[in-house]
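Engineer: What follows is a single structure, and I will ask about it in a moment.
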Amino acid sequence: MRLRFGKRQADDGGLEVTEERGMRTLHLGSRAIQSAMRVSRPWDLELAYTRAMMGFLMFNPMPQAVLMIGLGGGSLAKFIRRQRPQTRITAVEIDPRVIAAARTHFELPPDDAALSVIEADGALYVRQHPACADVVLLDGFDAGNQVEALATQTFYAACRRALKPGGVLVVNLWGRDKAFPEYLARLVRAFDGEVGWISVQYKTNVIVFAFNEPGALARLDAARPGLADLSKRWGLDLRGFARDFQWAEGIAPLLD
């Protein structure tokens, strides 16, 4: 692991942290950006897909427990910890190099009452911890590809069991992955069709929201009048997310 200044020249097959014009990025075995941080504002969410993942606030603006599978540079953990210190965040990351990079180069704070980072297999952890979180944030990529163990039918079913009543699973999928239609279909099956999504940057990323109880549409409708204030409080365009949100019955156009 090293910090390289200037443009990234080549992929050496390992973890690399680069910095250019005040933007620090994490790469893991490919040119794909795993995480990004503006050095002057390390708690902000620089990547559009991470902001879209925070769309769970439309359904639960005050989560008590958030489970993250996949740490990256820790952007989501830092953001939630700064904005809502009452929320307990558990981040599970299988690669110790990623944890070290987040702590060394991306200003992820040490564990405390609000944050716990665990080096473990996320698929196994989810199976072993039922009803542990209000929100599960799943961002499971390795060298730019979806980690298959974090995208199986069995794993998505385990994610549903890991949610508390009224909980939501938020999944970052690569919209141009050839297996994307199957991953989305698995989520629809695992959550009995209680699934919606936000498409980011022309399906470069598709953020899928899967709900373990029916009634998510009614919850979103009830939340709309308060989204302006909530957007201001968190610094996110939640009203835009609500406008762009699509439901499972519109699945066919997304899979074209």
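Engineer: So which aspartates and glutamates pass the test for residue 203, namely a Cα distance under 14 Å, with those fewer than 8 places away in the same chain ruled out?
Structural biologist: Within the straight-line cut-off, residue 203 pairs with 177, 244, 256.
Engineer: Going by accessible area, probe 1.4 Å, with all protein chains left in place, what is the ranking of 49, 202, largest first?
Structural biologist: Putting 49, 202 in descending order of accessible area: 202, 49.
Engineer: Okay, next question. What distance in nm lies between label points placed 7 Å from Cα along the C-beta direction at residue 164 and residue 64?
Structural biologist: Reported label-point gap for residue 164 and residue 64 is 0.4 nm.
Engineer: Please work out how much length the chain gains when fully extended from residue 224 to residue 97, using 0.36 nm per residue of separation minus the C-alpha to C-alpha distance, in nm with one decimal.
Structural biologist: Between residue 224 and residue 97, full extension yields 41.6 nm more.
Engineer: Sticking with this one: Report the full-extension gain for the segment residue 104 to residue 177: residue separation times 0.36 nm, less the Cα-Cα distance, to one decimal in nm.
Structural biologist: Stretched out fully, the residue 104 to residue 177 stretch lengthens by 23.2 nm.
Engineer: At 1.4 Å probe radius, can you tell me the per residue accessible area of the stretch 38-90 in Å²?
Structural biologist: 34 Å²
Engineer: Right, another one. Using the Cβ atoms and a cut-off under 12 Å, what net charge is assigned to the surroundings of residue 163, where Lys and Arg are +1 and Asp and Glu are -1?
Structural biologist: Once positives and negatives cancel, what remains is 0.
Engineer: In whole percent, and with a 1.4 Å probe on the protein chains, what portion of the accessible area of the chain is carbon and sulfur?
Structural biologist: 52 percent
Engineer: How large is the helix-only mean residue ellipticity at 222 nm for the chain, computed as the sum of -39500 (n - 2.57) over DSSP H runs with n ≥ 4, divided by its residue count, in deg cm²/dmol to the nearest 500?
Structural biologist: So the helix-based figure for the chain works out to -8500 deg cm²/dmol.
Engineer: While we're looking at this one, here's another question. Might you tell me the accessible area per residue for the stretch 145-256, computed with a 1.4 Å probe and given in Å²?
Structural biologist: In whole numbers, the stretch 145-256 has 47 Å² accessible per residue.
Engineer: What spacing in nm lies between the two simple spin-label points modelled at residue 40 and residue 113, each 7 Å away from Cα in the Cβ direction?
Structural biologist: So the two model labels end up 3.4 nm from each other.
Engineer: While we're looking at this one, here's another question. Testing the spin-label approximation: label points 7 Å from Cα along Cα→Cβ at residue 23 and residue 124. State their distance in nm.
Structural biologist: Those two pseudo-labels are separated by 3.7 nm.
Engineer: What is the gain in length, in nm to one decimal, between residue 48 and residue 213 on full extension, counting 0.36 nm per residue of separation less the C-alpha to C-alpha distance?
Structural biologist: Result for the pair: 56.7 nm of gain on full extension.
Engineer: A follow-up question, please. Add +1 for every Lys or Arg and -1 for every Asp or Glu among the other residues with Cβ under 14 Å from the Cβ of residue 132, and state the total.
Structural biologist: +4
The values are calculated or read from the model by the stated rules, or taken from the named source; none is laboratory data. Note that the coordinates shown come from a computational prediction; the quantities given were computed from them, not determined experimentally. Cβ sites come from the backbone with ideal geometry, for glycine too, and all protein chains shown count toward neighbours. All accessible areas refer to the heavy atoms of the entire protein, side chains included, with ligands and DNA or RNA removed. Shrake-Rupley method; radii C 1.70, N 1.55, O 1.52, S 1.80 Å.
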